[in-house]
Every structure is written in C-alpha cells, then in structure tokens.
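Heads up: the structure comes next, in structure tokens.
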Amino acid sequence: GQNIDQPTEMTATEGAIVQINCTYQTSGFNGLFWYQQHAGEAPTFLSYNVLDGLEEKGRFSSFLSRSKGYSYLLLKELQMKDSASYLCAVRASGGYQKVTFGTGTKLQVIP
Amino acid sequence: GAGVSQSPRYKVAKRGQDVALRCDPISGHVSLFWYQQALGQGPEFLTYFQNEAQLDKSGLPSDRFFAERPEGSVSTLKIQRTQQEDSAVYLCASSEWGQGTDTQYFGPGTRLTVL
C-alpha cells in the first residue's frame with residue numbers, strides 16, 4: 001500500500017519562496033506527481049518526477065529522492081494566485097500504475 | 001481541445017435517493033478514473049477503466065456504488081440509496097494510456113450533498 005504525508009497548512013508572504021514537503025512509503029514506486037487545486041476547482045498537473053533530482057518549470061520546481069522517500073515542491077516569487085492546495089501523489093509500479101494522493105497542503109499567500 | 005467535463009456540477013439528494021453522475025473524458029483517452037474527495041482531503045481512488053473494461057473497483061466503498069463505461073468513452077457513477085456520508089465531491093480524470101509518464105487530467109467534479 002501507499003502512505004503519503006504532507007503538512008496540512010502553510011502560510012507564506014507574497015514574493016517569497018516556499019517549500020512544501022512530501023514523504024511517502026510505498027510497496028512499489030514509479031513516479032511522483034504534484035497537483036495544484038484551487039478551492040472548488042479540479043486538480044491541475046504541475047510536475048512529475050520519476051528520477052532523483054530537481055525538475056524546474058518556471059517559478060515551480062520539484063525535487064525527488066527515491067532512497068529517502070521524499071519530495072518537495074518549491075514555489076518562488078509567490079503570487080496571491082498561488083493560494084491553493086498542493087497535492088502530492090505517488091504512482092505505484094506494476095499493473096496499470098495506480099496513483100494515490102496525499103491529503104494536500106493548503107497554502108495561503110499573504111501580502 | 002476540450003477537457004474533461006462532468007455533470008451535474010452540483011447535486012442535492014435526499015437520503016435514500018439514487019443518483020447518477022456523468023463524466024465525459026478527453027476524446028481518445030483510454031484510461032478513466034473516479035475519485036471521491038471529502039472536504040479538506042485529497043482525492044480517494046474509487047475505480048478505474050481501461051476502455052470499457054473496469055479493471056479496478058477496489059476503492060468503491062460499498063455495493064451501493066456502481067460505475068460503468070459501456071462504449072469506452074462516457075462513464076457514469078451511480079450511487080444507490082444515498083447516505084449522508086456519501087456527501088463529497090466526485091472527480092473524474094482521464095489519461096491517454098494510464099501508464100508511464102502519463103498525466104491524469106481532471107474534470108471540475110460533481111459536488112454531491114445528501115440531506
């Protein structure tokens with residue numbers, strides 16, 4: 001099975017940098033996703049990591065360490081519109097590669 | 001192109017009523033997933049289709065929940081004899097193949113409230 005942990009809530013200041021951590025325990029691993037979900041809306045894809053290291057996409061970066069069962073999402077130059085929940089999700093290996101979501105981290109960006 | 005669409009967006013049901021929630025995936029996507037999302041939680045897996053075949057229904061909470069995708073495109077999630085604990089947002093997602101680096105694309109969800 002999968003066990004995914006991420007902080008429930010975080011607050012950060014506009015223009016700053018914030019790091020959202022995710023740790024996971026899994027019986028089989030084939031990649032980790034980060035999704036953004038604004039209140040009342042559908043989750044939208046941010047990043048996918050399957051190999052160790054940092055993937056950068058504009059203001060957002062995602063890091064993975066498979067040996068440590070650890071990932072983080074880094075948001076730079078925070079904007080008010082970044083206030084949302086950030087979901088960490090792990091893809092299992094084998095079969096159709098089921099994806100399991102964490103409970104999400106609610107980020108509030110303040111002026 | 002068009003994304004994943006779901007209808008209705010909101011549904012209020014009296015306890016004991018049956019409801020049907022519809023999902024239109026992205027055209028040509030082989031894989032379709034249903035999730036249940038309670039307030040303040042992440043999406044919880046319900047069931048998975050590959051074309052018309054339901055390959056995994058391990059997440060369906062009870063035999064009151066039933067899903068189908070008869071022609072490998074549109075899917076319907078049916079809940080019989082709704083209970084208050086069924087109140088949640090039901091999300092549908094589709095992906096091209098459901099494997100490898102494939103990304104799931106989500107619909108806007110149906111918010112079900114059972115009174």
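Take the residues of segment B:53-68 that are over 14 Å from B:Asp18 (Cβ atoms) and more than 14 Å from the chain's Cα centre (by Cα): which is surrounded by the fewest Cβ atoms within 10 Å (Cβ to Cβ)? Among residues in segment B:53-68 that are over 14 Å from B:Asp18 (Cβ atoms) and more than 14 Å from the chain's Cα centre (by Cα), the one surrounded by the fewest Cβ atoms within 10 Å (Cβ to Cβ) is B:Ala53.
Being on the phi > 0 side of the Ramachandran plot, surrounded by 19 or more Cβ atoms within 10 Å (Cβ to Cβ) and not in a loop (DSSP other than H, G, I, E, B) is the filter here; which residues of segment A:13-68 pass it? Listed by number, the list is empty, since nothing qualifies. Answer yes or no: is there a residue in segment B:54-70 that is assigned to a loop (DSSP other than H, G, I, E, B), modelled with pLDDT of 95 or more, within 30 Å of A:Asn49 (Cα to Cα) and not polar (S, T, N, Q). So far as segment B:54-70 goes, yes, one or more of its residues are assigned to a loop (DSSP other than H, G, I, E, B), modelled with pLDDT of 95 or more, within 30 Å of A:Asn49 (Cα to Cα) and not polar (S, T, N, Q). If you take the residues of segment B:12-48 that are more than 19 Å from B:Leu60 (Cβ to Cβ) and within 11 Å of chain A (Cβ to nearest Cβ), which of them is farthest from the chain's Cα centre (by Cα)? So, considering only residues that are more than 19 Å from B:Leu60 (Cβ to Cβ) and within 11 Å of chain A (Cβ to nearest Cβ), the one farthest from the chain's Cα centre (by Cα) is B:Gly40. In segment A:69-88, of all residues being out of contact with any Pro (no Cβ under 8 Å at 6 or more places or on another chain) and among the hydrophobic types (A, V, I, L, M, F, W, C), the one that is surrounded by the fewest Cβ atoms within 10 Å (Cβ to Cβ) corresponds to A:Leu74. Selection of segment B:69-88 for residues being under 10 Å from the mean Cα position of the chain (by Cα) and farther than 14 Å from B:Ala13 by Cβ yields B:Ser75, B:Thr76.
The values are calculated or read from the model by the stated rules, or taken from the named source; none is laboratory data. Everything numeric here is computed off the predicted structure, so don't read it as measured data. Neighbour counts run over all protein chains shown; Cβ positions are idealised from the backbone, glycine included.
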